[in-house]
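First up is the structure itself, then whatever we jot down about it.
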Amino acid sequence: MLKWLIVLAVAVFIVGLLQPRLARLLQLGRLPGDLRLRLRGKDYVFPFASAVLLSLVAGLIGRLL
């Protein structure tokens, strides 16, 4: 159990480091269905469509393994 927790923590760390590059490459946050708001000079992004797409991809990968 501890081994899986360590692997999960390392995976989350690596994905966190790569997330800005992956988001630019895959255009995440810019799909139709993603909501982008600008209030008082700050940008708020609600990537609903991107989350659904990534969930489907993760589900397919999980089924194939």
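Here, each number is a calculation from the coordinates, and none is a lab measurement. What you see is a predicted model, and the numbers here were worked out from it, not measured in a lab. For neighbour counting, all protein chains shown are included, and Cβ atoms are generated from backbone atoms with ideal geometry for every residue, glycine included.
General observations
- Matching residues in the range 1-25 - criterion: being charged (D, E, K, R) and surrounded by 11 or more Cβ atoms within 10 Å (Cβ to Cβ): ARG24
- Top-ranked residue in the range 26-65 [being among the charged types (D, E, K, R) and loosely packed, with under 12 Cβ neighbours inside 10 Å; ranked as farthest from the chain's Cα centre (by Cα)]: ARG40
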